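One structure below.
The values are calculated or read from the model by the stated rules, or taken from the named source; none is laboratory data. Because the structure is a prediction, the values reported are computed rather than measured. Heads up, the Cβs are rebuilt from the backbone with ideal geometry, glycines too, and the neighbour counts pull from every protein chain shown.
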Amino acid sequence: MFFHGIHPGFRLSRIPAIAVACFFLFTGSLFALPDTRGWIHEKSDLPLHPDLITGTLDNGLRYVILPHHTPRNRASLHLNVQAGSFHETDSQQGLAHFVEHMAFNGSTHFPPGTLIHYFQSIGMSFGGDTNAHTGLGETVYHILLPQADADGLEKGLLVLSDYAHGLLFDENEIEREKGVILAEKRARDSARYRTGQALRRFLLPGIRSNERAPIGKKAIIEKGDRAELLDYYNTWYRPEYMMVILVGDVEPVEAESLITKHFAPIKARAPERQIPEMGKFQHKGDAFFHHAEPESGDVSVIIATSRMLSPRKDSIRSRKESLTLQLGSMLLRHRLSDRLSDPATPYTRAVAMADIQHETILSTRLVAISPQDKWEASLSLMEQELRKALTHGFSEEEMERVRREALSRIDRRIAGFSTTPSRKVADEIIRAMNTPRVFTSPEDDKALFADFIENMTAEDVLEAMKEAWGDDHRLIAITGNTGIDDHTALSRMRSVWKESTAIPVAAPDMAEAAIFPYLPEPEKTVQPLELISIEDLEFATARFANHTTLHVKQTDFEADTVRVLLSFGPGRAHEPEEWPGLSLAAPALVNLSGTATLDRPALARALAGKGMSVEFSVAQENFRFTASARPEDFSELMNLLRHRLLDPSFRTEAWELSRRWAEQQDRRMDSDIAATMQHMAPSFFASFDPRFSRPKASEMDEAMRLAAENWLAPAFRDAALEISVVGNVNPDLVIEEVGRYFGDLSRSPRKEKIIRPLSFNQGARATYWVATQIPSAQIRIGFPTTGLEPMEESRGLSLLARVLSDRIRREIREKQGLAYSPRSFHQASSVYKDYGGLYMHTGARPDQAAMVRKALMDVAEKLKKEGVSEEELRRARDPLMTGLKERFRNNNFWLAGVMAGSVEDPRQLDRVRTLESGYLEITTKDLTRLAEKWLQPDRASSITVLPVGEEGL
């Protein structure tokens, strides 16, 4: 969710997943649709990004070019069609998306069945480097070019120009693609999707977008013919509605010339059609809405307003107005979130949002996720918190926190823009053009808005919040697994609302100031005993006398970030046998607890504006803190990690909150196909080893919390440390700061870790049923393989999985139309000796699950018998090699894939040294041998998840 008018890359705060889950209906091009033709910056007082090159061809087609050097020698290329499902007629619902699918099924220069092979031949992967999406107001085609030279641009622009005016709409391909689209429709169907559809109609009555979900209607898709598809295509894929977006390591003059060459000949192919009217609505008074969704794992409680405004253009004034409103939402969000540390809080997640969408609709909302038996208490609490904020406003301490956070994010945007990946920058430009908003630079954002934020007062925010929320109406919605009928729910909602609004609200008690750091500073900086330079991999290792090891690598991959991984102690592989699932429950206990001195809300207040992130996890081989910060805050980040180690907390209230989350997951498992597969598949293939299953909420009692504390605390207190640091930071400074904050800690020597063996569940079948009305199934088949070593074998299996995935796509998706995104992948363990699996996974219609399973096995058997061709090897390896070049310029790769863990497994360094050469040395003979060796049908196991009532496999 982006603020109205603010540069799309400039977020004042991260929107929690709850906002996405409950209010995805408000994101993207959902209302509309303002006329996006022409250039918005020509009508605004906002400055366009100075490096952005814009142009308009004689036929009206526009282009945007931004020279950008991350990643090097690559370019992100897009055809942005500013028309989507909103523009469909009643008889075309779903055809905008259908047209998008047909772009991959035959065009002037690429006959049916050849385009994906073409992408693979130039080193691109289907789905990763090339894809498309359809929204209400846009259809966008994406190509991440492996080479940004003239030849690479020529190849990419040829494809985009075919998308723009050269689609064939072969009737045989149309019929075949219907099955794929219907499979995608099944895959996207969910309780969340259905709830979103219902909420749209309640919150925005009479708006055209309510009836224009991009996936469309089944009957229209089934009847879709060439004439209807051509009508939509020729009407809306016209030059003035299309835009070429190019961001990358390109020469602008050359790029403009090539764009002109490929797109200037395009002409309108049908009469212009008027953009449909958006519709109107007006809410008055309080309105209540209940949408029962038994397949949801929880209940969503929503308080909202929606009102239509006079159209307003993007301007400095509109951005300042929206900024004020957004800081108010941040303040309210912090209050709602801070209450989670109180066990009496009835909800488990909550968020506040407010924004102006597409110039004409002001939306405000509070959303909370609640257990089934707590929604009434959640509704009452949210109503009172909202009224409390609107009545009494906010304190200066609260304001200072959000000011610091907002200003910090502006500064990080400036520091990090040059190393933001071109695809992400291109996406931001596309969002700006389709909103429409002026695409401004981070530097201009700071010049225009930093002082405004710095001087914003609590009174300014309160005034904006009162105006946004107003007094003319409230929209109160309860959705999800309420367990009651509409009449009962609405009656109880009205009663709760009436009682709550009658309760006076007092100004909130302000929290005490949180002080950090609070532990004594170390008395001295300890020097390492040994400093080893790993010259070929360009990093250094420092060993300290207290058994702490540091790896540090200086990079320029992320200008604004230094990343840290602190690993210690045992891991998931060493989970106590008497406490199954403990390793999967432990991270939330640590992350929700803060420190012993500062609980999570207090710690967040103390660190506001620092942009530091610290998260605890339990990896297979050890405990981990994964952290990041601005380079200038590296010393404070080390101090924060020291505090987390020396002053840990395992709070009862944190455990209780995580237990309530687990309850909601358990309920999802009862009715969600994908959630059940995600939970059960790892355990099933691992012979139901308890280390691969999270505990049920009913098992998460106080005894289990104590067991987690007893397992974690000794390692926090005493275990040897391995600290890996990578980023835009001076290695000498890193060594000094690590020596200061960790060199004096008393730590025991590393001990040999005994790992219980793990065995693959061979030749087994399992079916799980869930109580759902959604006609969908999921199937996963696994062939037992080997671990990460020998490296030649596991690399070959990874390539073999790519070949198998390509065959599955062609057979299951393109030829038979049985599934939307069937795939294959290989997983090899570096921890469990000889443990690995080559998997095939897909969704399916429940009544076709057995047929699809057989089809998957047939593809694998055919590959085993036929072997791998040279063309298949090339199509699998070339995109992989393109990706490897990117990986070497990725901080996380060096952090978690190379340096961390190299103390216990020095072979990691040799693996990275031979990464490219190892894959290049693999031959078709090698892959054919691996297929014959590992694709053994009698050893394969399969897990299927079906709706209740369907016959098992």
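Does region 894-919 hold any residues that are among the acidic types (Asp, Glu) and part of a loop (DSSP other than H, G, I, E, B), and which are they? Scanning region 894-919 gives 904, 905. Considering only residues that are out of contact with any Phe, Trp or Tyr (no Cβ under 8 Å at 6 or more places or on another chain), assigned to a helix (DSSP H, G or I) and surrounded by 13 or more Cβ atoms within 10 Å (Cβ to Cβ), which ones fall in region 700-709? If the condition is that a residue be out of contact with any Phe, Trp or Tyr (no Cβ under 8 Å at 6 or more places or on another chain), assigned to a helix (DSSP H, G or I) and surrounded by 13 or more Cβ atoms within 10 Å (Cβ to Cβ), then 706 is the only one that fits. Comparison of 951, 872 shows that the only residue that is under 30 Å from residue 676 (Cα atoms) and either hydrophobic (A, V, I, L, M, F, W, C) or not in a strand (DSSP E or B) (or both) is 951.
In this structure, does residue 95 turn out to be crowded, with 17+ Cβ neighbours inside 10 Å, within 25 Å of the chain's Cα centre (by Cα) and modelled with pLDDT of 95 or more? No, not satisfied.
Any residue that is closer than 13 Å to residue 715 by Cβ and either touching a strand residue (DSSP E or B) at 6+ places or on another chain (Cβ under 6 Å) or assigned to a helix (DSSP H, G or I) (or both) - is there at least one of those in region 597-607? Even if it seems obvious, please write down each step before you answer.
First, pick out the residues of region 597-607 that are closer than 13 Å to residue 715 by Cβ: none.
Looking for residues that are closer than 13 Å to residue 715 by Cβ and either touching a strand residue (DSSP E or B) at 6+ places or on another chain (Cβ under 6 Å) or assigned to a helix (DSSP H, G or I) (or both), one finds none in region 597-607, hence no.
Filtering region 564-575 to residues that are farther than 16 Å from residue 644 by Cβ and either in contact with a Ser or Thr (Cβ under 8 Å, 6 or more places away or on another chain) or part of a loop (DSSP other than H, G, I, E, B) (or both) leaves 570, 571, 572, 575. Residues being in contact with a strand residue (DSSP E or B) (Cβ under 6 Å, 6 or more places away or on another chain), touching a residue at least 60 places away in the same chain (Cβ under 8 Å) and either in a loop (DSSP other than H, G, I, E, B) or among the charged types (D, E, K, R) (or both) are entirely absent from region 576-589.
Region 292-388 holds no strands (runs of 3 or more DSSP E) entirely within its bounds that carry 3 or more residues that are in the same structural domain as residue 86 (by TED's automatic domain parsing). Listed here are the helices (runs of 4 or more DSSP H) enclosed by region 129-246 that have at least 3 residues being touching a helix residue (DSSP H, G or I) at 6+ places or on another chain (Cβ under 6 Å), among the aromatic types (Phe, Trp, Tyr) and at pLDDT 95 or above: 226-236. For first residues located in region 44-60 and free of Cβ contacts under 8 Å to residues at least 40 places away in the same chain, partners that are part of a loop (DSSP other than H, G, I, E, B) and surrounded by fewer than 18 Cβ atoms within 10 Å (Cβ to Cβ) and lie 6+ apart or on another chain with Cβ distances below 9 Å form the pairs 54/39; 56/38; 56/39.
A quick yes/no check of all residues on (1) at pLDDT 95 or above; (2) touching an Asp or Glu at 6+ places or on another chain (Cβ under 7 Å); (3) more than 18 Å from residue 592 (Cα to Cα); (4) not β-branched (Val, Ile, Thr):
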site: 643; (1), (2), (3), (4): yes, no, no, yes
site: 648; (1), (2), (3), (4): yes, no, no, yes
site: 654; (1), (2), (3), (4): yes, no, no, yes
site: 671; (1), (2), (3), (4): no, yes, yes, yes
site: 681; (1), (2), (3), (4): yes, no, yes, yes
site: 689; (1), (2), (3), (4): yes, no, yes, yes
site: 707; (1), (2), (3), (4): yes, no, no, yes
site: 716; (1), (2), (3), (4): yes, no, no, yes
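Determine whether residue 723 is among the β-branched types (Val, Ile, Thr), assigned to a helix (DSSP H, G or I) and closer than 23 Å to residue 547 by Cα. Against the criterion (among the β-branched types (Val, Ile, Thr), assigned to a helix (DSSP H, G or I) and closer than 23 Å to residue 547 by Cα), residue 723 does not qualify. Regarding residue 545, is this residue among the aliphatic types (A, V, I, L, M), more than 16 Å from residue 641 (Cα to Cα) and not assigned by TED's automatic domain parsing to the domain that holds residue 622? When the stated conditions are applied, residue 545 does not pass them. Scanning region 828-845 for residues that are under 22 Å from residue 572 (Cα atoms) and either assigned to a loop (DSSP other than H, G, I, E, B) or basic (Lys, Arg) (or both) yields 829, 830, 831, 832, 833, 834, 835.
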